[in-house]
Each structure stands twice: as structure tokens, then as C-alpha cells.
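K.L.:
Right, I'll just put the structure down here and ask away after.
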Amino acid sequence: MKKIIITCSLLTLTLGVKAQYVSLTAAEVKTLKTAVEKDARVQKEFAEWKQVAEKALNEAPNPIEKVTSQGLLQGNPAKTASLKAVADAPKIYALALIYRLYGNKDYLNKAQEYLTAWAKINKATGDPIDETKLEEMFTGYDLIRNEVSQPDKQAIDTWLESIAHAEIHSVSATPTKSTSKNNWNSHRIKIITQIAYAIHADKYRDTITAELEKQLAQNLYPDGSSFDFAERDALHYHIYTLEPLLKALIVISRANGKNYYSFESPTKSSVQKSVQFLVPFVTGEKTHGEFANSKVKFDRERAANGEKGYVAGAPFKQRNGIVVLSLAAYYDPSLVKTIQQVAGNEYYDWQLVLNQVRQAKK
């Protein structure tokens, strides 16, 4: 009888543990821990997260009721305050990461402190450009959700679901608005995807599929360019729409095996084609003057405000495309050679570390 009770208790515990598609599974955490011990490149990348976590242990959370950044020029007090507040996001991820690797409860407790502070104060806005800045809170929470206390889990889940709900019903997704098909919508889909899979809100999965497939058809073009590239005349925004799409795609692939990277929409567009469109600009085979013919007034306002990277006609910087190639390398590891061609053979980043760990467990 005693054995039966123990077995049932263990089964209940196992069933209560949810798979982690947004961050790393238990097996992947073990692989990462070994890589940190044995791979100098991984050690170097991990050291930065460790430093962030150790500093965060002695700091207090800085939540803000409303993240306000998009549409505001650099130096605007509301934007400055918001950017300072969302600096908590990488701290949460770092704390969660260190806890998962080494089991020190101080890091778990501190990560919970940050998350619950945000859950109490922050209010969802449905603005994807503002709320995309919370991404590392979503991934950090996914790392530790299985071990967060039940009351805190309920509070954090409720807060995150309120963000997903607000994004699903965001005014930015109104069909008559350009934001319903530009990079805003890509970030919106990423936020909904990461939250839904982190808190295991299965009811949103059909919505994610429908929204994603629609976005691939309307945002990306058959020749590999994008609505954002056409609207802004800037690879900066081609990158800014591909980055969130790729992050959403990776979560979905990990959850159900669906490969949306090479998936062709009814218009014959695909993420793979749009990544390949970017490659010659990253290698230097092609060049582009950024924002020269942008149709968006805000781009000219930022240039007039002296913000770096928005001067009309300034040449695209090749290294700025690495963020997309590192994400796409999850599907196409050959892109690592392209990255190294531009950044050097010793180049490595955290996304490539995650790819290495996840591919080892495929």
C-alpha cells in the first residue's frame, strides 16, 4: 500500500510538470550545463548571463504600470522610464537560467520576486512594440514555472494571459491599419505564442496558427522581400519583422514539430526566402542605403533627433543581420558559415548556444 501511495504521488508530480518549449527542457538544461563546463565559447556567452544574475540578486524589481516606448523619440521621459523598467527582463531570464543550471534557490526566489512585482503592477496595453520588450520575462518564467509556488504561479499566469488577451484583441490588428500586417503584427504573434506556450494556454493555439499563416502571406513577399522593407526602405525593418517571426516559429516547431521556416504561403512567400533575401546584404555582396525612401514620417523625425541608424541613405551595417541568421540557423546550420564570414570564425552568440543545445536533443 505504501508503494502504491508513493507511486501515485510521483505520477501526480510528473503530470504536473509541463514541457518547456519557449526556453529549455530539463534534458537541454543538462546539455547546456555540460557545454558550459567544457566549451570555451559557451563559457564566454554564459559568463555574461551569470554576471547579470549575480548583480540582480542585490537589486530591487522596477516594474512600471504601462510600458510606453513606441512612437516616442529618444530622450522622451516616458520612454526613458519604460526602457529603464524593462531592463528587469534580462535579469529575470538570467536568474532563472542560473537556478535551472545549478539549483540555488536564491536565484529562483529572486526571479519570483521580480515576476510577482511585475504581475502586481504592470497592466497589459495590447501594444506589441512596447510589450515585445518583456520577452525575456516570458522565457525566464518558462524556465522556472514548474517550480514557482502555486499562489505566485497563478498571479503570474493571470498577468501574462492578460497580455496575450490584449494582444489578440489589439487595435493594432485592425485590418485597415498597416500595423495589422507590418512588423507590429509579427511582434504581436511572437508575444501571443511565447505566452501561450509558456503558461500552456492551449485555447490560443488555433488562433496562433491562423494569425501566423495569414502574416506569412501578407508580410512576406515571394521574392523574399517584405512589406516592411517596401514601406520603410530599410533592411532594419526587414530584420525587425523576421526576428519575432523566427522566435514564434521555433517555439511552434519545438511544441508540435511543424516547420514553418520552409512553409510556403498561398502567395508563395516563406520565412526561408526572406532570410535568403537578407543574406547577400549581410555578406556585403549587395549594399543598401537605409531609409532613403521611407514612407513613414517617424523615421525622418528620428533622423532629425540625431538617433543613430536612422539617417536617410546611411549604408546598412552587415553585422546587424546576424540576429536573424543566428535564429534561422536553428533550421539551417549552414548559415553559421555566413555569420562567421562576416563576424569572424570565433564569433558566437547566445542564440547559437541555444541552437547547439536544442539540436543536440532533436
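K.L.:
Could you list, in sequence order, all residues of the range 307-355 that are open to solvent by 60 Å² or more (accessible area, probe 1.4 Å) and either more than 22 Å from residue 235 (Cα to Cα) or in a loop (DSSP other than H, G, I, E, B) (or both)?
P.N.:
Answer for the range 307-355, where residues must be open to solvent by 60 Å² or more (accessible area, probe 1.4 Å) and either more than 22 Å from residue 235 (Cα to Cα) or in a loop (DSSP other than H, G, I, E, B) (or both): 308, 311, 312, 317, 333, 334, 345, 346.
K.L.:
Follow-up. Taking only the range 223-264 into account, find how many residues are surrounded by fewer than 21 Cβ atoms within 10 Å (Cβ to Cβ) and part of a loop (DSSP other than H, G, I, E, B).
P.N.:
Count: 10.
K.L.:
Looking at the range 36-74 only, could you name the residues that are in a helix (DSSP H, G or I), among the small types (Gly, Ala, Ser), open to solvent by 40 Å² or more (accessible area, probe 1.4 Å) and closer than 17 Å to residue 89 by Cβ?
P.N.:
The answer is none; no residue qualifies.
K.L.:
For residue 298, indicate whether it is open to solvent by 10 Å² or more (accessible area, probe 1.4 Å), touching a Ser or Thr at 6+ places or on another chain (Cβ under 7 Å) and among the hydrophobic types (A, V, I, L, M, F, W, C).
P.N.:
Against the criterion (open to solvent by 10 Å² or more (accessible area, probe 1.4 Å), touching a Ser or Thr at 6+ places or on another chain (Cβ under 7 Å) and among the hydrophobic types (A, V, I, L, M, F, W, C)), residue 298 does not qualify.
For every residue, the table says whether it meets (1) surrounded by fewer than 17 Cβ atoms within 10 Å (Cβ to Cβ); (2) at pLDDT below 95; (3) farther than 30 Å from residue 214 by Cα.
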{"site": "85", "(1), (2), (3)": "no, no, yes"}
{"site": "96", "(1), (2), (3)": "no, no, yes"}
{"site": "121", "(1), (2), (3)": "yes, no, yes"}
{"site": "134", "(1), (2), (3)": "no, no, no"}
{"site": "148", "(1), (2), (3)": "no, no, yes"}
{"site": "177", "(1), (2), (3)": "yes, no, no"}
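K.L.:
Does residue 164 qualify as being small (Gly, Ala, Ser), at pLDDT 95 or above and open to solvent by less than 10 Å² (accessible area, probe 1.4 Å)?
P.N.:
The answer is yes for residue 164.
K.L.:
Could you check residue 134 against (1) without any contact (Cβ under 8 Å) to a residue 24 or more places away in the chain; (2) part of a helix (DSSP H, G or I) and say which number it fails?
P.N.:
(1)
K.L.:
Confirm whether residue 110 is open to solvent by less than 30 Å² (accessible area, probe 1.4 Å), among the charged types (D, E, K, R) and over 26 Å from residue 168 (Cα atoms).
P.N.:
Answer is yes for this residue.
K.L.:
Which residue out of 334, 262, 253 is in contact with a helix residue (DSSP H, G or I) (Cβ under 6 Å, 6 or more places away or on another chain) and either at pLDDT 95 or above or closer than 30 Å to residue 199 by Cα (or both)?
P.N.:
When all the criteria are applied, what remains is 262.
K.L.:
Further question on the same structure: If I ask for residues that are over 20 Å from the mean Cα position of the chain (by Cα) and of a type in the set (A, V, I, L, M, F, W, C), which ones from the range 43-63 would you list?
P.N.:
47, 56, 57, 60
K.L.:
A follow-up question, please. Give me the pairs: first residue in the range 336-352 and touching a residue at least 60 places away in the same chain (Cβ under 8 Å), second residue part of a helix (DSSP H, G or I) and open to solvent by 40 Å² or more (accessible area, probe 1.4 Å), beta-carbon distance under 6 Å, and six or more apart or on different chains, which are they?
P.N.:
Partner pairs satisfying both residue conditions: 342/318; 348/41.
K.L.:
Exactly one of (1) charged (D, E, K, R); (2) open to solvent by 20 Å² or more (accessible area, probe 1.4 Å); (3) touching a residue at least 40 places away in the same chain (Cβ under 8 Å); (4) within 30 Å of residue 31 (Cβ to Cβ) is unmet by residue 127. Its number?
P.N.:
If we test residue 127 against (1) charged (D, E, K, R); (2) open to solvent by 20 Å² or more (accessible area, probe 1.4 Å); (3) touching a residue at least 40 places away in the same chain (Cβ under 8 Å); (4) within 30 Å of residue 31 (Cβ to Cβ), just (4) comes out false.
K.L.:
Kindly evaluate residue 82 against the criterion of being in contact with an Asp or Glu (Cβ under 6 Å, 6 or more places away or on another chain) and in contact (Cβ under 8 Å) with a residue 12 or more places away in the chain.
P.N.:
Numbers: in contact with an Asp or Glu (Cβ under 6 Å, 6 or more places away or on another chain): no; in contact (Cβ under 8 Å) with a residue 12 or more places away in the chain: yes.
So residue 82 does not fit the description; no.
The values are calculated or read from the model by the stated rules, or taken from the named source; none is laboratory data. This structure is a prediction, so every number in the text was calculated from the model and none was measured. As a convention, Cβ positions derive from the backbone with ideal geometry for all residues, glycine included, and neighbour counts pool all protein chains shown. We work out accessible area using only protein heavy atoms, side chains counted, and drop any ligands, DNA or RNA first. Shrake-Rupley method; radii C 1.70, N 1.55, O 1.52, S 1.80 Å.
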